[in-house]
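Visitor: Have a look at the structure that comes next, please.
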Amino acid sequence: MIENFNDNFRELCLNLKIDERKFILGLSGGIDSMALLSLLKRFIVSNKSLKIEVFPVIIDHDLRSNSSNEAKAVQDIAISHGFKTIIKKIIIKKPSGNIQNWARKERRRILCDVAFEFSANLILGHHIDDLVETIFMRSVKGSGIEGLIGMQDRMIWNDTLILRPLIFFKKRQIIDYVNSNNVIFFEDQSNFSLKFERTRVRETLKKISVSNWPTISNDIIKFSLLNKQLLLKINEIFSKWVQNNILIDNRGAIRVDFKNLQNIFEKSNLFTISIFGRIIKTVGGNEYAPKREKTLNCLKHIYSPVFKNTNLGNVKISLKKSYLFFTRENRNINFDIEIIKNKKYIFDGRFFLTSKYSGNLISSEFHNFEGVKNNNPFAECEDDINNTIPFMSTLEGATIKPYFNICGGKSHIKTNSEGKPYELTLINTAFM
């Protein structure tokens, strides 16, 4: 395992520039992340010429009485290996239900924020068994093609490169490595509780494998690879269609040709659902596209004779003349955020935010943007768009509006906002 890991990680590092070989490691203290910590330590010692930096970050969810003590013990182990290690404690109110999903999202949000802040890549300890479980859960829930690929060895999320160097290894290999090298780890007893979905799925897969489908894990992996190949083909067609039929406003709205979308909907549900899901993700600032069934039902309603407007995934969808307009709903948006100058932020999952001033974000609802030009293709949606955009109240008492930019895709607004005092850059990875 060690040699295979070293070869894979060395190739990954060589594909990065020297100043990009900085990594944040999500260190939970469990067997997978502690094995990864040990493997990275061995790799660094034997590959000093690559000059990589690894900074473990421990997330204390504060869900168990001994969580702080455990986090400190994990930190001590990481420090003893020569790593500068920090603990981040989650201090926001915990939900009453679906605690594991909440913890996962908060953990990744914080890790991505740290990676974003330090201009580093993020390393996570997922392995093949995690991949199989994830795809099985998503298939049961009716996920789209993107979801049925599962987690990949590398991906971009909110401008952060996420790496999973253990994704090619089975849990059994990790256990063997830990036992052979006396790696210390901490076992979270919630991993064995059947009240959590992933634990139930893990047990279900074991029973299926033993009873009548011994190759289920390998077959799910093959299924993932087939979906990946299918998505690549879809993307080839998708990029051409997008150029001709989708227009993106830097403030986070999207316009789509109504008839042309209907034409492909009548020919291919699969392709249309993929397009629709990406639009909802971009405009709504969502981590995932809506479930396949919800998207299909929404499309059927849109192309029914009675359609005027609807919503899906915090996105308002309206028909104006011959176009569908997608705008962020003015709800579930947190404007109450303190901003420190020259620090990077992600606002509402939709924008990268930077400011040369410190202050607080405020709603734009009672403030005015510049007048709308007559040829603006989004003129009829101006209020819907602008009411979801944050202004800033500086410490000096000034109220300033943002300059807009976009990280990719076709837009009707061309800006050169370098050096601007307050900027929002639309996260548009779905349409690059």
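Visitor: R0 = 35 Å: FRET efficiency of Leu395 with Lys41, Cβ-based, nearest 0.05? Please report the intermediate quantities before stating the final value.
Guide: Details: r = 44 Å, r/R0 = 1.24.
Between Leu395 and Lys41 the formula returns 0.20.
Visitor: Rounded to the nearest angstrom and ordered from largest down, what semi-axes does the equivalent ellipsoid of the chain get from its C-alpha gyration tensor (root of 5λ)?
Guide: Details: eigenvalues 302, 161, 82 Å².
In descending order, the three semi-axes are 39, 28, 20 Å.
Visitor: Region 187-217 to region 118-147: how many Å between their Cα centroids?
Guide: About 16 Å separates the Cα centre of region 187-217 from the one of region 118-147.
Visitor: Using alpha-carbon pairs under 8 Å, 6+ residues apart, how would you state the relative contact order of the chain in percent? Please list the in-between numbers first.
Guide: Details: 666 pairs, mean separation 52.2, N = 432.
Here the relative contact order equals 12 percent.
Visitor: Moving on to the next point. So what are the three principal axis dimensions of region 1-158 from its Cα atoms, in whole Å, longest to shortest?
Guide: 48, 40, 29
Visitor: Expressed in nm to one decimal, what extension gain is obtained for the pair Arg172 and Thr204 from 0.36 nm per residue of sequence separation less their Cα-Cα distance? Walk me through the numbers on the way to the answer.
Guide: Numbers: separation 32, 0.36 × 32 = 11.52 nm, distance 1.80 nm.
So the chain would gain 9.7 nm between Arg172 and Thr204.
Visitor: Using only helices, what value at 222 nm comes out for the chain when you add -39,500 (n - 2.57) per DSSP H run of length 4 or more and divide by the total residues, to the nearest 500 deg cm²/dmol? Numbers along the way, then the final one.
Guide: Working: 13 runs with 177 residues, N = 432.
Helix contribution divided over all residues of the chain: -13000 deg cm²/dmol.
Visitor: Moving on. Restricting to bridges with both residues inside the chain, how much of the DSSP beta-bridge set is antiparallel, in percent to the nearest 5? Before the final figure, lay out the partial values.
Guide: Working: 38 of 57 bridges.
Given both bridge residues lie in the chain, the antiparallel proportion sits at roughly 65 percent.
Visitor: Quote to one decimal, in nm, the extra length available between Ile216 and Lys94 on full extension: 0.36 nm per residue of separation minus the C-alpha distance between them. Show your work: numbers first, answer last.
Guide: Working: separation 122, 0.36 × 122 = 43.92 nm, distance 3.56 nm.
Stretched out fully, the Ile216 to Lys94 stretch lengthens by 40.4 nm.
Visitor: Label points 7 Å out from Cα along the Cβ direction at Ser49 and Ser268: separation in nm?
Guide: Each label point is offset 7 Å from its Cα along the Cβ direction, giving 4.7 nm.
Visitor: Would you please give the FRET efficiency between Leu226 and Phe192, computed as 1/(1 + (r/R0)^6) with r the Cβ-Cβ distance and R0 = 35 Å, to the nearest 0.05? Don't jump to the answer; show the numbers that get you there.
Guide: Details: r = 33 Å, r/R0 = 0.93.
So, using R0 = 35 Å, E works out to roughly 0.60.
Visitor: Please give the contour-minus-distance gain from Asn360 to Asn15: 0.36 nm per residue of separation, less the Cα-Cα distance, rounded to one decimal in nm. Could the numbers behind the result be given before it?
Guide: Values: separation 345, 0.36 × 345 = 124.20 nm, distance 3.94 nm.
Extra length from Asn360 to Asn15 when fully extended: 120.3 nm.
Visitor: In degrees between 0 and 90, to the nearest 10, how far off the longest principal axis of the chain does helix 171-180 point, with axes built from Cα atoms?
Guide: Taking Cα atoms only, the helix is inclined about 40 degrees.
Visitor: Also, I was wondering about something else. Quick one: go through region 2-16 and flag any residue whose amide nitrogen is under 16 Å from the point 7 Å out along the Cα-to-Cβ line of Phe118.
Guide: none
Visitor: Now for a separate question. Calculate the FRET efficiency for Asn376 and Ile340 from the Cβ-Cβ distance with a Förster distance of 30 Å, rounded to the nearest 0.05. Mind dumping the intermediate values first?
Guide: Values: r = 33 Å, r/R0 = 1.12.
Once the sixth-power term is evaluated, E becomes 0.35.
Visitor: Same structure again: What are the semi-axes of the equivalent ellipsoid of region 240-432, taken as the square roots of 5 times the eigenvalues of the Cα gyration tensor, listed largest first and rounded to whole Å? Walk me through the numbers on the way to the answer.
Guide: Numbers: eigenvalues 191, 51, 48 Å².
Ellipsoid half-lengths, sorted descending, are 31, 16, 15 Å.
We did not get these values from a lab; they are worked out from the coordinates using the rules stated. Please read these numbers as outputs of a predicted model, since none were measured by experiment. All Cβ positions, even for glycine, are placed from backbone atoms using ideal geometry, and neighbour counts span all protein chains on display.
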